[in-house]
Amino acid sequence: MSAENTDQAPVGLSRRGLLKFGVASGSMLLAGQALSANVAAAETGTESASFPVIEHDDFPYPVKPDYKQFHSENNEFVQNHRRNMAKYGQSKPTGIEIDTTQPGFRRFESAMNAAPWSVKRRNTGFSMYCQPNQGEYGWHFKPQGEPYQFESRQLASDVVKRAARLYGADLVGITRQDWRWDYSAHHDFITGENLTWDDFPFKPKSVIVMAFEMDYESLSAGPTQVSSAATAVGYARMQHTAGMLAEFIRGMGHNAVACGNDLGLSVPYAISAGLGESSRMGLLVTYKYGPRVRLAKVYTDLDFFEYDKAKTFGVKSFCERCQRCSDACPSKALSRDEKPTFDAPEGGFQHFHNPGIEKWYADARKCRDYWHESGTDCATCITSCPYNKPDFWQHRMIEKMNSIMPGPLHTFMREMDIWFGFGDTFNTKAVDKFWSPKNRMYDGRA
């Protein structure tokens with residue numbers, strides 16, 4: 001029998017596909033053995049159990065003693081707006097031409113992106129630029145009646161989380177208020193006014209953090225208006241869910257203010273609330289959705305909670321070896337350093353950095369400038385990330401491998417992600433796939 005005849009691949013599976021299948025199967029078997037050992041250890045209570053998430057009593061990344069709070073006026077959205085107003089007399093640069101006949105930028109695709117942004121701005125203004133005290137994120141709402149007393153801290157946490165899920169949150173965690181993650185002042189870039197915590201209507205004690213999944217197929221079409229629409233929908237969902245949850249807490253007689261990007265730094269608060277880890281992108285990477293989420297918060301004076309603990313599951317170690325996001329970034333805004341650092345790189349524009357935390361520092365100005373050049377919100381870093389996957393059991397298995405078997409295996413997993421065609425950016429076929437009616441039923445049958 002010839003060598004060719006020994007390659008008996010399943011129907012529809014090429015030799016290369018068979019190789020991929022074999023490699024993946026072997027990796028999954030290896031992961032399965034490691035997982036079985038960890039599950040057994042966890043069930044018997046032995047110290048070797050590490051499956052698959054580690055909980056931390058404190059913030060899981062080092063913070064310098066001289067760390068300073070971030071002033072919201074220094075965020076790149078505000079600074080970019082000022083530069084454009086000074087140079088062009090308007091909020092966005094002129095003279096940039098986008099071919100509106102190409103897939104991803106046609107009129108119906110631009111309208112799909114513009115619609116949720118319009119709804120968002122009508123309800124919460126420019127809160128995405130950290131503008132405070134807007135609409136559903138207003139500070140003027142009052143609690144109703146006497147404060148309700150829960151029977152236990154766990155019950156309070158369960159009730160608030162269940163309500164958040166009902167209102168539309170995909171993930172929710174609760175953490176203590178932490179001055180390190182609150183803005184030192186709250187800048188309204190429209191009026192130029194700076195508000196302080198003395199202007200805030202109450203002293204916060206807890207922060208409820210919610211994450212909202214963004215659509216996988218639309219982000220796969222990035223960077224286009226189709227992918228940008230996923231971000232816009234995320235922001236529109238944020239305001240409605242956070243607004244309802246804050247009103248729910250006020251209905252129980254406690255103070256509560258909803259917010260998006262305003263009031264404080266969402267990523268470290270989400271880490272503290274156990275929703276995920278930091279990453280090379282500077283974005284939160286969640287266990288289930290990877291970086292494909294938007295974040296909203298509710299500040300409240302209710303502190304009778306069983307607080308969540310920060311959790312890690314191998315993202316930092318994986319990011320050290322992966323670098324798919326920095327490879328994909330068209331503006332070269334992401335760090336290529338192997339290890340995270342406490343300080344931002346020397347030179348360049350430093351206003352948007354918040355040094356003193358061990359992390360990878362990105363160049364927000366390069367990132368933002370590319371948004372204008374491309375006519376999109378980019379998001380290629382999210383699209384390219386190996387943690388950005390549909391919710392298939394194979395991907396959950398691989399993510400467990402990342403936490404159990406770190407090191408050189410991460411480099412192998414990065415390459416396998418590329419082999420299988422995940423994380424492609426600037427993929428023109430992805431726009432067609434998003435709009436394709438194949439295997440879609442809109443009457444509930446599929």
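The values are calculated or read from the model by the stated rules, or taken from the named source; none is laboratory data. Please read all numbers here as calculations on a predicted model, not as lab measurements. All Cβ positions, glycine included, derive from the backbone under ideal geometry; neighbour counts span all protein chains shown. For accessibility, only protein heavy atoms count, side chains too; no ligands or nucleic acids. Shrake-Rupley method; radii C 1.70, N 1.55, O 1.52, S 1.80 Å.
Residues in the range 202-217: is at least one assigned to a strand (DSSP E or B), over 27 Å from PRO386 (Cβ atoms) and open to solvent by 10 Å² or more (accessible area, probe 1.4 Å)? Break it down into steps so the answer makes sense when it comes.
The initial filter retains those residues of the range 202-217 that are assigned to a strand (DSSP E or B), namely 206-213.
Filter again for over 27 Å from PRO386 (Cβ atoms), leaving 206-208.
When the remaining residues are screened for being open to solvent by 10 Å² or more (accessible area, probe 1.4 Å), the result is none.
Among the residues of the range 202-217, not one is assigned to a strand (DSSP E or B), over 27 Å from PRO386 (Cβ atoms) and open to solvent by 10 Å² or more (accessible area, probe 1.4 Å), which makes the answer no.
Please go through the range 84-113 and give me each residue that is among the aliphatic types (A, V, I, L, M) and open to solvent by less than 50 Å² (accessible area, probe 1.4 Å), ordered by number.
As a first pass, look at the range 84-113 and keep what is among the aliphatic types (A, V, I, L, M): 85-86, 96, 98, 111-112.
Matches in the range 84-113: none.
Inspect the range 336-344 for any residue being among the hydroxyl-bearing types (Ser, Thr, Tyr) and within 20 Å of the chain's Cα centre (by Cα) and give the result as yes or no. Please lay out each step first, then the result.
Of all residues in the range 336-344, those among the hydroxyl-bearing types (Ser, Thr, Tyr) come to 341.
From what's left, within 20 Å of the chain's Cα centre (by Cα): none.
No, because not a single residue in the range 336-344 is among the hydroxyl-bearing types (Ser, Thr, Tyr) and within 20 Å of the chain's Cα centre (by Cα).
I'd like to know if the range 375-394 contains one or more residues that are at pLDDT below 90, part of a helix (DSSP H, G or I) and open to solvent by 40 Å² or more (accessible area, probe 1.4 Å).
yes
Using beta carbons and a limit of 7 Å, which pairs, at least six apart or on different chains, have the first residue in the range 142-160 and over 18 Å from VAL207 (Cα atoms) and the second one open to solvent by less than 80 Å² (accessible area, probe 1.4 Å) and among the charged types (D, E, K, R)?
Correct list of pairs: GLN144/ARG250.
Determine whether the range 319-330 contains at least one residue that is of a type outside the set (S, T, N, Q) and touching a strand residue (DSSP E or B) at 6+ places or on another chain (Cβ under 7 Å). Please lay out each step first, then the result.
Step one: filter the range 319-330 for residues of a type outside the set (S, T, N, Q), giving 319-322, 324-325, 327-330.
Then keep just the ones that are touching a strand residue (DSSP E or B) at 6+ places or on another chain (Cβ under 7 Å); that gives none.
No; the residues of the range 319-330 include none that is of a type outside the set (S, T, N, Q) and touching a strand residue (DSSP E or B) at 6+ places or on another chain (Cβ under 7 Å).
Tell me whether the range 298-306 contains one or more residues that are modelled with pLDDT of 95 or more and within 18 Å of the chain's Cα centre (by Cα).
Yes - at least one qualifying residue is present in the range 298-306.
Here are VAL233, VAL226: which of them is open to solvent by 30 Å² or more (accessible area, probe 1.4 Å), outside any strand (DSSP E or B) and either among the hydrophobic types (A, V, I, L, M, F, W, C) or closer than 23 Å to GLU136 by Cα (or both)?
On the way: VAL226 fails: open to solvent by 30 Å² or more (accessible area, probe 1.4 Å).
The unique qualifying residue is VAL233.
Within the range 148-190, take every residue that is within 30 Å of LYS64 (Cα to Cα) and assigned to a helix (DSSP H, G or I) and give me the one that is least open to solvent (accessible area, probe 1.4 Å).
TRP181
Is one or more of the residues making up the range 132-147 buried (at least 16 other Cβ atoms within 10 Å of the Cβ) and in a helix (DSSP H, G or I)?
Yes: one or more hits.
Looking at VAL293, VAL285, which one is open to solvent by less than 20 Å² (accessible area, probe 1.4 Å), among the aliphatic types (A, V, I, L, M) and touching a Pro at 6+ places or on another chain (Cβ under 9 Å)?
Working: VAL293 fails: touching a Pro at 6+ places or on another chain (Cβ under 9 Å).
Among VAL293, VAL285, only VAL285 is open to solvent by less than 20 Å² (accessible area, probe 1.4 Å), among the aliphatic types (A, V, I, L, M) and touching a Pro at 6+ places or on another chain (Cβ under 9 Å).
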